[in-house]
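**Student:** If you scroll down you'll find the structure; I have some questions about it.
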Amino acid sequence: MIDEIVKQFPLLQMQQDGKRLVYLDSGATTQRPQAVLDAVQHFYEHDNANPHRGVYQVAERATAAYEDSRTEVAAFLNAQKKEEIIFTRNATEALNLIAYSWGLHNLKAGDKVAVSILEHHSNLIPWQQVCRVTGAELVIFYTNPDGTFSDEEIEKKITKGVKLVAFTHVSNVLGLVSPVEKIAARAHAVGAVCVLDCAQSAPHIKLDVTKLGVDFLAFSGHKLYSPLGIGVLWGRKELLEEMPPFLTGGDMIESVREQNATWAPLPQKFEAGTQNAGGAVGLAAAIRWINSVGFETIARRERDVYNYAWEKLSKLPHLTLYGTPEGEHAGAIAFNVDEAHPHDVASILDADAVCVRAGHHCAQPLLHHMGLTACCRASFAVYNTREDVDALTESLLKVRKWLGYGA
């Protein structure tokens, strides 16, 4: 079964300098299965036109393909209303849409926005900017040293006066799963709106907006086995309807006069200009592919690889792992090698065709909280195997020798 999954990814069949490519950077972007590549190619070869514009047959097929993709995404999230699905370029754009549309029109001086220390910059900087403009206060709720949240910290920071709580479902650095339902319940108890960044969870965990208890949710297609440049914002319809457009222009209007305009209903109100129809078709194909594999298989496979990796890496000399193997994880392990810069580590691993990410991972406040400036990250997807972990381990054993430390 696993070999059959790996075989579906063309890039994973390639070699680099005569060595099997070991791709451990799926937290940055996943590889695409052949089914997704075929769906995108078919759209551009047979159905390519500008959706919502033309009345000729090709244009109508393009519109149908685009809107059918929205239906697939709604089912994927168990959203009750198709118009609650807004296509964006990525999670970053979706989170900015919430910040600038909801935030600028609902926050004021004296209000508070609570954001977790785990956040990717895409779910922190928009709130920094909105707080500066509105005069609202940005409050950070911190993790324990092992990366987990305490009930006391959640209750201490999410208090009366907090109008919005934004946090990640899964840390892009540590791979830890946040207690979503607990944080969302606390947010709603104090009257706050709840925003969940699912960029790192969507490929690993079945998302159900009827159970998560949040008000907005965002994810990127490119981390979900689909093309670059397509993302999704889901929001509760009553909130979306009250929000002004984020971008204005073509296809998002009801009528336009010389001095004013009125807006189209959801979801078009938030989809100004020509959209990435090919990307939406690819995202729908990726969702069908994930459904064909099944989240139970994905979780079982990824958990096995994660546990194997933590066990192997924890036994290596001169290597520090961050976070904890306890609790729920999804897809990532962060580490450093003693006296080696993470960029040097990643370059040495690349010589063995092992791909990991090094740096601050667009989460500089979290790394500062951890007392770091940078680290390496191995991130996994359903196509990774124990053999990939063995290749990583064997290559890591060479790092300090390459740098002249002898062992």
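**Student:** Answer yes or no: is there a residue in segment 199-210 that is assigned to a helix (DSSP H, G or I) and either crowded, with 24+ Cβ neighbours inside 10 Å or among the basic types (Lys, Arg) (or both). Don't jump to the end; show me each part of the working.
**Tutor:** Applying the first criterion (assigned to a helix (DSSP H, G or I)) to segment 199-210 yields 209-210.
Next, only the ones that are either crowded, with 24+ Cβ neighbours inside 10 Å or among the basic types (Lys, Arg) (or both) stay: none.
No: segment 199-210 contains no residue that is assigned to a helix (DSSP H, G or I) and either crowded, with 24+ Cβ neighbours inside 10 Å or among the basic types (Lys, Arg) (or both).
**Student:** Could you look through segment 150-196, keep only residues that are over 27 Å from GLU93 (Cβ atoms) and among the hydrophobic types (A, V, I, L, M, F, W, C), and pick out the one that is most open to solvent (accessible area, probe 1.4 Å)?
**Tutor:** Among them, the one singled out is ALA189.
**Student:** Identify, from the list THR320, THR274, THR297, the residue that is of a type outside the set (Lys, Arg) and over 29 Å from ILE205 (Cα atoms). Explain how you work it out, then say what you get.
**Tutor:** On the way: THR320 fails: over 29 Å from ILE205 (Cα atoms); THR297 fails: over 29 Å from ILE205 (Cα atoms).
Going through THR320, THR274, THR297 in turn, the sole match is THR274.
**Student:** I've got another one for you. Scan segment 82-94 residue by residue and report those that are open to solvent by less than 40 Å² (accessible area, probe 1.4 Å) and assigned to a helix (DSSP H, G or I).
**Tutor:** The answer is GLU84, ALA91, GLU93, ALA94.
**Student:** Checking SER150 against (1) closer than 30 Å to ILE333 by Cβ; (2) in contact (Cβ under 8 Å) with a residue 40 or more places away in the chain; (3) of a type in the set (S, T, N, Q), only one condition comes out false. Which one?
**Tutor:** (2)
**Student:** Now for a different question. Please go through segment 37-56 and pick out each residue that is assigned to a helix (DSSP H, G or I) and among the charged types (D, E, K, R).
**Tutor:** Hits for segment 37-56 are ASP38, GLU45, ASP47.
**Student:** Quick check on my filter: what residues within segment 280-328 are touching an Asp or Glu at 6+ places or on another chain (Cβ under 7 Å), at pLDDT 95 or above and at positive phi?
**Tutor:** HIS318
**Student:** Please go through segment 159-212 and give me each residue that is out of contact with any His (no Cβ under 7 Å at 6 or more places or on another chain) and on the phi > 0 side of the Ramachandran plot, ordered by number.
**Tutor:** GLY161, GLY191
**Student:** Being assigned to a strand (DSSP E or B), acidic (Asp, Glu) and either open to solvent by less than 30 Å² (accessible area, probe 1.4 Å) or over 22 Å from GLU119 (Cβ atoms) (or both): is that true of GLU258 here?
**Tutor:** no
**Student:** Among all residue pairs at least 6 apart or on different chains, which show Cβ distances below 8 Å where the first residue, located in segment 250-272, is at positive phi and modelled with pLDDT of 95 or more and the second is open to solvent by 90 Å² or more (accessible area, probe 1.4 Å) and among the small types (Gly, Ala, Ser)?
**Tutor:** Correct list of pairs: empty, since none qualify.
**Student:** Continuing with the same structure: For segment 332-407, give me every one of the helices (runs of 4 or more DSSP H) that falls completely inside it and has 2 or more residues that are in contact with a Ser or Thr (Cβ under 8 Å, 6 or more places away or on another chain) and either within 28 Å of TRP289 (Cα to Cα) or not small (Gly, Ala, Ser) (or both).
**Tutor:** In segment 332-407, the matching helices (runs of 4 or more DSSP H) lie at 342-351, 364-369.
**Student:** Let me ask something else. Within the group GLU302, GLU296, which residue is assigned to a helix (DSSP H, G or I) and under 19 Å from the mean Cα position of the chain (by Cα)?
**Tutor:** After applying the criteria, what remains is GLU302.
**Student:** Considering segment 6-30 alone, what residues qualify as being in contact with a helix residue (DSSP H, G or I) (Cβ under 7 Å, 6 or more places away or on another chain) and part of a helix (DSSP H, G or I)?
**Tutor:** Once the filter is applied, which keeps residues that are in contact with a helix residue (DSSP H, G or I) (Cβ under 7 Å, 6 or more places away or on another chain) and part of a helix (DSSP H, G or I), segment 6-30 yields VAL6, PRO10, LEU12.
To keep it simple, each residue is scored yes or no on (1) farther than 25 Å from GLY27 by Cβ; (2) part of a helix (DSSP H, G or I).
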position	(1), (2)
ARG70	yes, yes
GLN80	yes, no
ASN96	no, yes
ALA109	yes, no
LEU118	no, no
GLN128	no, yes
VAL133	yes, yes
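**Student:** Just name the residue that is farthest from TRP402 (Cα to Cα) out of those in segment 329-338 that are touching a helix residue (DSSP H, G or I) at 6+ places or on another chain (Cβ under 7 Å) and at pLDDT 95 or above.
**Tutor:** Among them, the one singled out is ILE333.
**Student:** Let me ask another. How many of the residues making up segment 361-403 are open to solvent by 10 Å² or more (accessible area, probe 1.4 Å), touching a helix residue (DSSP H, G or I) at 6+ places or on another chain (Cβ under 6 Å) and under 17 Å from ALA28 (Cα atoms)?
**Tutor:** Residues flagged as open to solvent by 10 Å² or more (accessible area, probe 1.4 Å), touching a helix residue (DSSP H, G or I) at 6+ places or on another chain (Cβ under 6 Å) and under 17 Å from ALA28 (Cα atoms) within segment 361-403 amount to 2.
The values are calculated or read from the model by the stated rules, or taken from the named source; none is laboratory data. Every value quoted in this text rests on a predicted model; they were computed, and no experiment measured them. Here the Cβ is made from the backbone with ideal geometry for all residues, glycine too, and neighbour counts use every protein chain on show. Each accessible area value is taken on the protein alone, full model and side chains, heavy atoms only, with ligands, DNA and RNA left out. Shrake-Rupley method; radii C 1.70, N 1.55, O 1.52, S 1.80 Å.
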